[in-house]
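First the structure, in the form of structure tokens, and then the observations on it.
The values are calculated or read from the model by the stated rules, or taken from the named source; none is laboratory data. Note that this is a predicted model, so its numbers are computed, not measured. Methodologically, a virtual Cβ is constructed for each residue, glycine included, from the backbone with ideal geometry; neighbour enumeration extends over all protein chains shown. Remember, those area values only see protein heavy atoms, side chains included, never the ligands or the DNA or RNA. Shrake-Rupley method; radii C 1.70, N 1.55, O 1.52, S 1.80 Å.
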Amino acid sequence: MQIDPRRLAVLRAVADSGGVLAAASILHLTPSAVSQHIARLEAETGVTLLDRSRLGGRRTVGLTAAGRLLAGHARRLTEVLADAERDLSALTGQVTGPVAVGAFVTVLENLVAPAAASLAATHPRIEVRIRQIEPEPGQSALRSGALDLLIVESDAADGPAEVSGARAVHLLDDPYRIAAPASWGPVADLQALLDRPWLSGPPGSVARRALDRVAAQHRTPLRRVHECLDFSATLAVVASGLAAAVVPALALARRDEGAFQLLDAPMLGARRLDLLHRPDRHEPSPAARLVIQAIRAVR
């Protein structure tokens, strides 16, 4: 029996993500390719690895006892490879390898991309692989090994991010400001905006929670006419004169502020940015540690 370690990695992705479709997305493969890898691994080992009786419309799947056993070995194999990379780096003094970083738009634009450019000049043997991804699929990708680092946001009032299967490193607290269209003319204070149209974030978003604080502080409902998830889109709506919005300071970096006016509102608080990595003893890798340092240096 000769087991292909690449197929073990595919099995681990299925185990960690909970399904063939999710594993395919994480590994950048088609679901058919994932299924073929598993089928070949089953042929190599002579045992059934997936419980296909649980295979549903979303291609969620359970592992057999043999599948769980091999997935555990796949995780240990990942640890052995990471140990080898760390030891070689210590021996040679050279840090090498790819580091996959997942984040959302404002962080990619203002932290991750500048950090990757800086590392390309100072540590050319480190390859930063950038991936725009939302938190839920990002956490699955982190657990499966498709991502090495994931940046997430939360409300600063909630404290450190707590994510199962991950360890958080605090990056920064990003204070909120209120952006109003320049075309509305000078705005003296927040009170002058309360009866104007507003743009909110979707339910559960940090932007919506901050706007909820505005409404609670002033004991008034706000006319929430528009809704955007991405702060780049939010600022485009504001610049067009359609609404006021709550935006974090980081989203304002590298923006032409002539299209909107900014108001400070301390009651808004801040969003908290945390960087997640796997909690294994060898994580983050030497290359990933340098990426974290570079991201922190940008701010």
Give a quick list of trypsin sites (Lys or Arg not before Pro) in region 258-293 that DSSP marks as loop, anything other than H, G, I, E or B, with at most 11 other Cβ atoms within 10 Å. R281
When the chain is fully extended, how far beyond the present Cα-Cα distance does R75 get from D51, taking 0.36 nm per residue of separation? 6.6 nm
Run the 1.4 Å probe and let me know the accessible area of D189, rounded to the nearest 10 Å². 70 Å²
In degrees, nearest 10, range 0 to 90: what is the angle between the Cα axis of helix 31-45 and the longest Cα principal axis of the chain? 30 degrees
Please report, for the Cα atoms of the chain, the Rg to one decimal and the Dmax as a whole number; what are they, in angstrom? 22.9, 76
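So what is the calculated 222 nm ellipticity per residue for the chain, using -39500 (n - 2.57) for each DSSP H run with n of 4 or more, over all residues, to the nearest 500 deg cm²/dmol?
Values: 10 runs with 123 residues, N = 299.
Taking each H run of at least 4 residues, the total per residue is -13000 deg cm²/dmol.
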So between D158 and T30, what do we pick up on full extension, going 0.36 nm a residue minus the alpha carbon distance? 42.3 nm
Rank D256, D83 by accessible area, highest first, at a 1.4 Å probe radius? D256, D83
